[in-house]
1. Report the normalised scattering of region B:84-134 as log10 I(q)/I(0) at q = 0.28 Å⁻¹, calculated by the Debye formula with identical scatterers on the alpha carbons.
2. Between B:136, B:149, B:49, which gets the highest mean-square fluctuation from a Gaussian network model of chain B, Cα cutoff 10 Å?
3. Tell me which trypsin sites (Lys or Arg not before Pro) from region B:1-63 have a DSSP coil assignment and no more than 13 other beta carbons within 10 Å of their own.
4. Tally the DSSP beta bridges in the protein assembly as shown and give the antiparallel ones as a percent, rounded to 5.
5. Please find the FRET efficiency linking residue A:65 to residue B:265, where r is the Cβ-Cβ separation and R0 is fixed at 30 Å, and quote it to the nearest 0.05.
6. Let me know the shape class of region B:10-117, please: from the alpha-carbon gyration tensor, a ≥ b ≥ c as square roots of the eigenvalues, rounded when a/c is under 1.5, otherwise prolate if a/b is greater than b/c, or oblate.
7. Under the rule of at least 5 residues apart or a separate chain, name every residue whose amide H is placed under 5 Å from the amide H of residue B:52.
8. What do you get for the angle between helix B:3-13 and the principal long axis of chain B? Use alpha-carbon atoms, 0 to 90 degrees, nearest ten.
Protein chains: 2
Amino acid sequence: MKFLEKLKQAGNRNKSLLCVGLDPDPKLMPVGMSALEFNREIIEATAPFVCGYKINLAFYEALGKQGWEILSETCEFIPRELITIADAKRGDIGNTSKAYARAILDELDCDGVTVSPYLGYDSLEPFIEYQDKGIFILCLTSNQGSTDFQMLKTEYLGQKRFLYEVVADKASLWNRYENIGLVVGATQQEELKKLRLSYPKLPFLIPGIGAQGGDLKATIENGTNPNGELAIICASRGILYARSGSEFAQGAAEAAEQMRDAINHYRKRF
Amino acid sequence: MKFLEKLKQAGNRNKSLLCVGLDPDPKLMPVGMSALEFNREIIEATAPFVCGYKINLAFYEALGKQGWEILSETCEFIPRELITIADAKRGDIGNTSKAYARAILDELDCDGVTVSPYLGYDSLEPFIEYQDKGIFILCLTSNQGSTDFQMLKTEYLGQKRFLYEVVADKASLWNRYENIGLVVGATQQEELKKLRLSYPKLPFLIPGIGAQGGDLKATIENGTNPNGELAIICASRGILYARSGSEFAQGAAEAAEQMRDAINHYRKRF
């Protein structure tokens with residue numbers, strides 16, 4: 001099944017655009033609990049309220065030798081009807097990108113992956129060739145440093161365009177399999193709105209709600225298409241660590257349900 | 001010890017600017033040999049002829065659950081007096097970059113790492129804060145796709161500069177600990193020369209020799225400083241797979257020695 005179709009089905013099933021980031025932080029998890037057990041309980045508790053999960057590979061690499069195994073077992077816990085996006089931000093020359101693509105999209109069998117555009121098309125092609133997967137290209141990120149390069153004015157096809165706009169434009173040109181999306185942070189609403197209007201058919205993976213300060217109402221209004229779709233709203237810490245100690249899973253379920261409902265409240269048509 | 005000092009000592013010890021890329025490819029390695037055993041023999045055979053090793057993390061992720069362990073044991077095989085650079089091309093928002101930096105520079109204890117600039121300063125800061133490590137920022141890469149974004153003309157401080165030039169300039173501004181370097185491909189000699197003249201004190205990590213077509217003589221002339229230093233010349237397939245079958249290690253030793261000597265032949269003062 002194509003990524004967009006799976007995303008739609010998952011979103012309809014749980015009436016949700018919410019994507020929970022599984023970022024297990026040993027300092028915030030219940031004392032003595034393994035990352036794998038934490039993830040398992042979080043997934044069980046939140047699965048009814050989400051369209052999928054985002055797995056940030058850095059947190060698993062930081063777990064050392066067990067990291068990849070925990071990552072791979074975590075992926076197996078996620079119900080098959082929900083989407084799993086590997087937040088990898090990879091991008092390397094051909095051969096190497098091929099190795100990353102195989103590891104993430106074959107080995108782990110994730111439904112989607114985030115990739116970094118700096119090295120250009122041939123660095124992304126090995127990912128894009130997985131026609132049924134969702135390939136999310138970093139476009140405008142939610143952090144302060146996004147102004148350093150993404151907001152540079154460039155000359156592109158005779159016009160002045162910001163670098164992130166060039167990235168979005170090239171992404172749409174490379175989208176022959178309809179499997180490309182953009183990562184657009186929730187902290188820059190004007191730009192989010194412009195991007196949505198320019199690229200009505202691309203799915204947007206939207207981090208930056210919550211801890212990073214993105215406004216939920218504006219994000220939903222600006223980031224979804226006219227049917228209230230094609231936005232994947234990421235949240236991590238606000239869900240995972242909503243309550244501490246033994247009530248963490250119950251806390252996560254409540255926080256996910258609340259956020260799902262708040263998102264739906266703001267969706268234009270739903 | 002600071003990275004630049006360690007690089008200098010390693011380079012002097014073996015009279016070498018050569019950095020062998022440890023990219024174990026099951027399809028090219030001797031049949032039935034494990035990646036770990038392959039790396040161990042390659043390191044033993046080539047250690048006298050190199051300043052260090054570059055480890056491309058993608059190849060280890062592609063090995064699945066054992067990948068991280070093989071990576072970590074490979075790092076332990078590398079003689080402590082040589083440098084180990086993790087070719088990771090990471091770059092993520094603060095918390096996540098912190099996790100990557102810890103995994104690569106603490107856990108694996110690599111001497112250097114490659115990072116991707118697209119997310120800007122705060123995505124690189126957690127790496128840069130490791131003051132004794134070498135942080136190599138992707139600037140101008142050796143692949144075709146480098147023209148897609150790196151060669152865009154931008155407006156920067158009132159001047160027209162290519163994006164890769166802006167990256168180089170910001171990198172030099174962020175270099176308060178003298179631990180930053182640039183990744184500059186060997187396939188674009190004019191630009192390599194200009195960058196070396198503009199940034200005489202930054203170490204350059206230079207891939208693209210050999211399979212990718214970079215010219216060795218021009219690369220050494222353009223990429224080293226007036227003392228014939230500060231260039232780390234990467235080679236992988238041409239060394240690792242110089243001979244097939246049981247003679248692979250001997251073949252790698254000969255290829256590394258030849259390349260070390262060819263590099264030295266072209267160094268301006270040596």
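Only the coordinates and a few stated rules stand behind these numbers; no lab work does. Worth saying up front: this structure is predicted, and the values here are computed from it rather than measured. Here Cβ is always computed from backbone atoms with ideal geometry, including for glycine, and neighbour counts include all displayed protein chains.
1. The Debye formula, applied to the Cα set alone, gives -1.09.
2. Its mean-square fluctuation being the largest, the pick is B:149.
3. On the way: sites: B:2, B:6, B:8, B:13, B:15, B:27, B:40, B:54; in loops: B:2, B:15, B:27.
In loop regions of region B:1-63 (DSSP not H, G, I, E or B), the sparsely surrounded trypsin sites (Lys or Arg not before Pro) are B:27.
4. Values: 11 of 69 bridges.
Counting only bridges with both partners in the protein assembly as shown, antiparallel ones make up about 15 percent.
5. Working: r = 42 Å, r/R0 = 1.41.
Using R0 = 30 Å, I get an efficiency of 0.10.
6. Working: a/c = 2.04, a/b = 1.19, b/c = 1.72.
Oblate, since a/c reaches 1.5 and b/c is not below a/b.
7. Answer set, sorted by chain and number: B:20, B:83.
8. 40
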